[in-house]
Amino acid sequence: MPFKRQDSIHAPIDTTPSLKNSPGSKDDEEEEEHELSGVGLDKKVPLERNNDAHYHERKAIDPSALGVDELDPANLLSNGQERPIETAVDFSTRLIATVDDVNMPIHTLRMYVLGLGLTSFAAVLGQIFYFRPSSLTVSSLFIVVIADMLGRLWYMLFNALERLTQRFFPTEYRRPIWTFINPCEFNLKEHTATLIMSTTAFSSAQAISVFAADELYYDLNPNYGISIFTLIASQFLGYGIAGLMRAVVVYPSYAVWPATIPTVQLFQLLHNDKDIAGQRKRMKFFLLVALGIFIWEWFPEFIAPTLTGVSIFCLAKRDSVWVTRIFGGSYPNEGMALFSVCLDWAYLSGASSLYTPLATQMSLYAGVAVSATLLLTAYAGNVWQAQNFPFMAQDLFYENGSSYDQSLILNADYSLNRTLLEEQGLPWFATSMAIYYLGLNLSIGATITHCLLWYWEPVKEAATAFRSRSTDDAHYRKMLEYKEVPMWAYGAIVVSSFAMAMATCYTGHSHLPWYGVIVAFIIAIVLFPFVSIFPAITGWQVSIQTLVLMLGSAVVPGNAQANMYFGLYGSNAATQGIAFASDLKIAQYTKLPPRTTLWVQSLGTVLGGILQIVISKQIIGSHRDILLDPAGNNIWSGQNVQSFNSQAVTWGALAKDMYSPGSTYDMIPLSVLVGFGVPIIPWIIHRYYPKLRMDLFITPLFCYTLGYLAAGINSTIFMSVVTALLTQGYLRIYRPTWFRKYNYIMSAALDAGMQVFVFITTFALFGAGNGTTVAMPNWALNPVNYADYCYLDDSS
């Protein structure tokens with residue numbers, strides 16, 4: 001458990017006003033009037049759009065802007081200092097405002113124009129870059145910043161236009177028009193709805209990868225109707241599952257969803273208490289940090305790339321392959337980057353060190369330490385013929401170490417040819433990659449047991465409380481003011497998704513039989529509560545894609561195309577459900593009504609999906625030959641589709657042979673079963689030795705990181721540990737006031753400033769616009785070859 005316990009994981013401490021009374025009681029009304037009076041509000045005064053000063057006063061108090069002398073005594077130590085933020089209730093009430101304005105406009109013309117506009121922008125941009133050699137990821141914080149700028153501009157522009165029309169049109173004609181166009185300042189709930197709508201489309205849907213592979217490799221061209229309904233089914237299945245289980249993964253206090261806190265705090269900073277000195281100081285801090293990181297990123301990303309990974313060990317000895325394997329790591333598959341110093345926030349931001357609970361991060365880095373030992377030992381011991389292959393690689397190999405050519409074992413329709421397979425032999429993984437898959441499957445089994453051992457009681461009580469509408473969470477109690485989405489509606493979404501999936505799988509010639517669709521749906525539904533509770537509590541998301549693809553190869557063996565669709569409805573649906581649950585939590589924190597949340601999520605998904613399908617079909621139709629070419633060109637590349645199809649072939653056509661009992665890698669699927677037993681050991685230790693705090697040890701995360709160093713750029717790890725210990729360790733415990741006021745705003749500012757930099761330079765310098773890149777002249781921190789001075793070719 002990543003947060004400090006009292007009696008149990010769900011036990012709140014008395015840090016907020018009592019919520020004992022039922023909604024609508026006289027005591028509740030008196031309590032609400034008392035809360036609103038704290039911000040100068042009269043509950044009986046209606047919201048007037050032309051009284052901006054009064055509207056400002058109606059904004060909720062941001063607890064992060066309070067001084068120590070304004071805190072509830074329950075949040076102070078005996079010496080008068082603020083106590084550390086430790087429990088789940090602390091995080092959700094001392095960092096996020098619980099006050100709500102039920103009269104705040106949401107369904108405004110401005111919200112729909114901005115929401116639909118940004119959804120279209122994100123969908124088109126994300127889909128174009130899916131087929132480009134350079135990548136661009138639009139983050140939610142980037143959308144928050146852009147939406148805020150556009151919302152404020154809208155308000156100022158139409159306010160000015162309204163003043164210009166005063167002399168020409170009578171008030172009785174003018175007022176209704178301008179009230180419809182510009183009812184108030186751009187507010188918190190409009191902003192939240194805009195974000196939720198647009199973030200559904202800022203990355204290419206997995207269904208698009210399936211359609212692109214169908215068209216490029218399997219000579220299938222699903223029409224627009226089949227494509228749209230397939231995409232909707234795969235996305236909405238996850239939404240329906242998340243909605244059915246929201247009582248245990250969204251509403252309770254233990255479901256903090258740590259990754260949402262920086263976004264919610266940024267919302268509060270932009271909209272609440274602008275006239276309070278403490279809030280203005282926090283806004284200045286945010287702007288300075290965002291500007292500072294925007295300026296700084298020019299150095300590691302362009303001027304001085306060496307700053308992405310500085311290793312004194314490699315600088316001291318550049319002629320040893322083992323030094324590179326152990327201490328190098330600023331390039332993919334270079335090494336483990338032990339003690340390498342990364343000064344590039346574009347890489348460090350992925351570690352989420354500023355907002356992920358310390359217990360989660362320490363469990364991860366404990367696994368990383370074991371991973372380093374395990375990878376080195378396995379390679380030195382030649383486990384699975386390790387020394388025949390590169391130390392780190394994601395490709396498939398022949399046993400002699402040469403790259404495996406999958407095309408030599410496939411028929412023209414990309415189905416497996418067993419005669420050719422016998423001639424070529426089964427492929428091999430680099431040993432580091434095999435260990436990665438081993439750890440991944442261990443973590444899935446451990447996830448289920450860990451949830452049952454540590455989270456079963458609070459989850460059970462949360463489900464019971466939801467049925468009686470007595471969930472003891474300050475934010476949830478405020479949400480009772482709004483109409484809930486009924487359970488039958490979410491159930492209908494799941495049933496409708498199943499019907500659409502079943503129909504499109506046959507009409508679209510997916511090769512996935514009816515029983516394959518059923519099994520994929522069952523997997524998504526059964527695994528969702530386990531894989532969603534982890535990001536809700538620990539901030540870490542479990543990956544089930546590998547397991548689902550393995551199971552798909554058993555259900556429909558030897559068929560890569562069917563395996564793609566199996567993964568679409570199995571793992572992708574669970575991933576979409578997690579994303580929707582996260583959005584529901586943001587909505588709960590910002591008091592966006594549940595029905596509005598589902599509506600804008602659905603609207604963004606449908607619009608974004610349609611645009612992505614149209615754009616992808618146009619690109620494939622115009623540049624088919626280039627997309628099939630492994631090299632592509634400087635403007636278009638099919639690398640993402642090629643990689644996706646290659647993975648489908650690997651798992652769909654070869655998994656049964658590679659992982660069957662007695663095969664080289666039979667331990668990889670069996671590790672799921674082994675993982676079931678891993679959490680039992682720390683659970684038993686905690687029962688007898690509670691002072692060891694094994695309840696803070698996240699066993700699935702530890703298992704997952706056993707192969708953590710096997711891929712990617714590892715130079716971020718050391719600085720991520722330092723950042724975690726500094727922020728979630730030292731500042732949270734010993735400087736709690738600074739932590740409450742600035743830590744999450746700093747996280748949002750760093751990510752927002754970095755995203756603005758990436759967006760600008762991707763077009764201006766790195767070839768996203770016309771395919772032409774701008775090169776920085778070589779100098780000491782931008783050498784001719786490898787920027788870290790560390791890399792030594794593994795073949796040498």
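Considering Pro176, Pro262, Pro222, which residue is under 25 Å from the mean Cα position of the chain (by Cα) and either under 26 Å from Leu114 (Cα atoms) or surrounded by fewer than 24 Cβ atoms within 10 Å (Cβ to Cβ) (or both)?
On inspection, the qualifying residue turns out to be Pro262.
Conditions: (1) crowded, with 22+ Cβ neighbours inside 10 Å; (2) within 23 Å of Thr590 (Cβ to Cβ); (3) assigned by TED's automatic domain parsing to the domain that holds Asn223; (4) among the hydrophobic types (A, V, I, L, M, F, W, C). Ala501 meets all but one. Number of the miss?
Tallying (1) crowded, with 22+ Cβ neighbours inside 10 Å; (2) within 23 Å of Thr590 (Cβ to Cβ); (3) assigned by TED's automatic domain parsing to the domain that holds Asn223; (4) among the hydrophobic types (A, V, I, L, M, F, W, C), Ala501 fails exactly one: (2).
Among Thr192, Thr179, Thr200, which is among the hydroxyl-bearing types (Ser, Thr, Tyr), more than 30 Å from Ser352 (Cα to Cα) and at pLDDT 80 or above?
Thr179
Val138: within 22 Å of Val113 (Cβ to Cβ), modelled with pLDDT under 80, of a type in the set (Val, Ile, Thr) and buried (at least 17 other Cβ atoms within 10 Å of the Cβ), yes or no?
On the way: within 22 Å of Val113 (Cβ to Cβ): yes; modelled with pLDDT under 80: yes; of a type in the set (Val, Ile, Thr): yes; buried (at least 17 other Cβ atoms within 10 Å of the Cβ): yes.
Yes: the conditions hold for Val138.
Run down Ala337, Ala346 and say which single residue is farther than 18 Å from Leu701 by Cα, of a type in the set (Gly, Ala, Ser) and within 19 Å of the chain's Cα centre (by Cα).
Ala346 is the lone residue from the list that is farther than 18 Å from Leu701 by Cα, of a type in the set (Gly, Ala, Ser) and within 19 Å of the chain's Cα centre (by Cα).
Looking only at segment 366-425, which residues are small (Gly, Ala, Ser) and under 27 Å from Ala648 (Cβ atoms)? Steps first, please.
At the first step, the residues of segment 366-425 found to be small (Gly, Ala, Ser) are 366-367, 369, 371-372, 378, 380-381, 386, 393, 401-403, 407, 412, 415, 425.
If the condition is that a residue be small (Gly, Ala, Ser) and under 27 Å from Ala648 (Cβ atoms), then Ala386, Ala393, Gly401, Ser402, Ser403, Ser407, Ala412, Ser415, Gly425 are the ones that fit.
Here are the criteria: (1) buried (at least 24 other Cβ atoms within 10 Å of the Cβ); (2) within 25 Å of Phe121 (Cα to Cα); (3) within 21 Å of the chain's Cα centre (by Cα). Tell me which single one Ser602 does not satisfy.
(1)
Considering only segment 645-653, I want to know if a residue exists there that is surrounded by fewer than 22 Cβ atoms within 10 Å (Cβ to Cβ), more than 23 Å from Phe528 (Cβ to Cβ) and either among the polar types (S, T, N, Q) or out of contact with any His (no Cβ under 7 Å at 6 or more places or on another chain) (or both).
yes
Hey, among the residues in segment 742-786 that are at pLDDT below 80 and in contact with a helix residue (DSSP H, G or I) (Cβ under 8 Å, 6 or more places away or on another chain), which one's surrounded by the fewest Cβ atoms within 10 Å (Cβ to Cβ)?
So, considering only residues that are at pLDDT below 80 and in contact with a helix residue (DSSP H, G or I) (Cβ under 8 Å, 6 or more places away or on another chain), the one surrounded by the fewest Cβ atoms within 10 Å (Cβ to Cβ) is Gly769.
In this structure, is Ala724 closer than 28 Å to Phe267 by Cα, modelled with pLDDT of 95 or more and part of a helix (DSSP H, G or I)?
Criteria met by Ala724.
I'd like to check something: does segment 579-596 contain any residue that is among the basic types (Lys, Arg), in the same structural domain as Ala212 (by TED's automatic domain parsing), within 24 Å of the chain's Cα centre (by Cα) and outside any helix (DSSP H, G or I)?
Within segment 579-596, one or more residues are among the basic types (Lys, Arg), in the same structural domain as Ala212 (by TED's automatic domain parsing), within 24 Å of the chain's Cα centre (by Cα) and outside any helix (DSSP H, G or I).
If you take the residues of segment 204-226 that are of a type in the set (A, V, I, L, M, F, W, C) and outside any helix (DSSP H, G or I), which of them is nearest to Gln647 (Cα to Cα)?
Ala205
Would segment 145-159 turn up any residue that is more than 27 Å from Ala499 (Cβ to Cβ), basic (Lys, Arg) and in a loop (DSSP other than H, G, I, E, B)?
Taking every residue of segment 145-159 in turn, none turns out to be more than 27 Å from Ala499 (Cβ to Cβ), basic (Lys, Arg) and in a loop (DSSP other than H, G, I, E, B).
Assuming Leu452 fulfils every condition listed in (1) free of Cβ contacts under 8 Å to residues at least 60 places away in the same chain; (2) closer than 30 Å to Ser371 by Cβ; (3) not in a helix (DSSP H, G or I) apart from one, which condition is it?
Evaluating Leu452 over (1) free of Cβ contacts under 8 Å to residues at least 60 places away in the same chain; (2) closer than 30 Å to Ser371 by Cβ; (3) not in a helix (DSSP H, G or I) leaves (3) as the failure.
Applying the selection to segment 384-420, what residues are at pLDDT 90 or above and surrounded by fewer than 18 Cβ atoms within 10 Å (Cβ to Cβ)?
Within segment 384-420, Gln385, Gln387, Asn388, Tyr398, Glu399, Asn400, Gly401, Ser402, Thr419, Leu420 qualify.
How about segment 273-311: which of its residues are part of a helix (DSSP H, G or I) and of a type in the set (S, T, N, Q)?
Answer for segment 273-311, where residues must be part of a helix (DSSP H, G or I) and of a type in the set (S, T, N, Q): Gln279, Thr306, Thr308.
Name the single residue, out of those in segment 72-105 being among the aliphatic types (A, V, I, L, M) and crowded, with 18+ Cβ neighbours inside 10 Å, that is farthest from Leu592 (Cα to Cα). Walk me through how you get there before you give the answer.
Pass one, segment 72-105, residues among the aliphatic types (A, V, I, L, M): 74, 76-77, 85, 88-89, 95-97, 99, 102, 104.
This time we only want the ones that are crowded, with 18+ Cβ neighbours inside 10 Å, so: 85, 88-89, 95-97, 99, 104.
Numbers: Ile85: 26, Ala88: 21, Val89: 20, Leu95: 18, Ile96: 14, Ala97: 13, Val99: 12, Met104: 10 Å.
The qualifying residue farthest from Leu592 (Cα to Cα) is Ile85.
If the Cβ limit is 6 Å and pairs must be 6+ apart or interchain, which residue in segment 548-571 that is surrounded by fewer than 24 Cβ atoms within 10 Å (Cβ to Cβ) pairs with which residue that is of a type in the set (A, V, I, L, M) and at pLDDT below 85?
Met550/Ala655; Gly558/Leu416; Gly558/Ala653
Evaluate segment 234-252: report whether one residue or more is touching a Gly at 6+ places or on another chain (Cβ under 6 Å) and within 29 Å of Leu354 (Cα to Cα).
Scanning segment 234-252, I find at least one residue that is touching a Gly at 6+ places or on another chain (Cβ under 6 Å) and within 29 Å of Leu354 (Cα to Cα), so the answer is yes.
Taking Thr373 as the residue in question, decide whether it is assigned by TED's automatic domain parsing to the domain that holds Ala393, within 12 Å of Ser432 (Cα to Cα) and in a helix (DSSP H, G or I). Give the derivation first.
Numbers: assigned by TED's automatic domain parsing to the domain that holds Ala393: yes; within 12 Å of Ser432 (Cα to Cα): yes; in a helix (DSSP H, G or I): yes.
The answer is yes for Thr373.
Can you find a residue in segment 628-639 that is of a type in the set (Phe, Trp, Tyr), in contact with a Phe, Trp or Tyr (Cβ under 8 Å, 6 or more places away or on another chain) and surrounded by fewer than 22 Cβ atoms within 10 Å (Cβ to Cβ)?
Start the filter on segment 628-639 by keeping residues that are of a type in the set (Phe, Trp, Tyr), which leaves 636.
If we keep only those that are in contact with a Phe, Trp or Tyr (Cβ under 8 Å, 6 or more places away or on another chain) as well, we get 636.
Add one more test, that the residue is surrounded by fewer than 22 Cβ atoms within 10 Å (Cβ to Cβ), and what stays is 636.
Scanning segment 628-639 turns up at least one residue that is of a type in the set (Phe, Trp, Tyr), in contact with a Phe, Trp or Tyr (Cβ under 8 Å, 6 or more places away or on another chain) and surrounded by fewer than 22 Cβ atoms within 10 Å (Cβ to Cβ).
The values are calculated or read from the model by the stated rules, or taken from the named source; none is laboratory data. Small disclaimer: the values here were computed from a predicted structure and weren't measured. Neighbour counts are summed over all protein chains in view; Cβ atoms, including those assigned to glycine, are modelled from backbone coordinates with ideal geometry.
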